[in-house]
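Remarks on the structure that follows.
None of the figures in this text is laboratory data; all of them are computed from the coordinates on show. Not measured: the values here are computed from a predicted model. Cβ sites come from the backbone with ideal geometry, for glycine too, and all protein chains shown count toward neighbours.
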Amino acid sequence: MRPRRHGALLCGPSTSPLEVAVETFSFAPWMTARAKRLRLYRLVANSFWFLLGLILLANLLRWALPQLGSILGYLFLPLGILIPLLGIPWLIISWGFSSGAIKCPSCDARFAPRFWPWVPKSCQNCHYDIYTLRHRGDF
């Protein structure tokens with residue numbers, strides 16, 4: 001007679017609907033950390049375009065409405081300070097994405113296309129989503 005094992009992990013696949021519903025898949029801590037770091041890199045790379053658009057809007061408004069120029073200058077001063085602070089990290093991170101130095105945490109291939117101004121949220125090779133930590137088609 002075979003010895004009986006206790007616990008769902010030791011007995012193999014479960015047939016109980018409750019155990020199947022509760023069973024979850026977790027990633028290795030290093031993969032989660034790499035995905036979190038990649039989300040931050042993506043935020044920096046993509047936020048620069050929004051800030052650049054706001055700066056262009058401010059300059060357009062100052063040109064179109066010269067009487068509001070000093071008020072708009074004070075309103076957009078934080079953006080003017082933020083652009084040089086984000087410029088150098090943006091250049092380094094964008095170079096990392098375009099050169100392939102920043103890799104997918106799942107397949108370890110280039111994460112973003114070579115010459116694309118917007119960094120997508122999923123890997124172009126294996127379609128690993130860095131926000132849901134799943135591949136396209138996973139449950």
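FRET efficiency for the pair LYS121 and LEU54, taken as 1/(1 + (r/R0)^6) with r the Cβ-Cβ distance and R0 = 22 Å, rounds to 0.50.
Taking 0.36 nm per residue of separation and subtracting the current Cα-Cα distance, fully stretching the chain between SER47 and ALA64 would add 3.5 nm.
Applying both filters, DSSP loop and at most 16 other Cβ atoms within 10 Å, to the trypsin sites (Lys or Arg not before Pro) of the stretch 66-139 gives ARG114, LYS121, ARG136. Here the extension length gained between ARG136 and LEU79 equals 16.9 nm, from 0.36 nm per residue of separation less the Cα-Cα distance.
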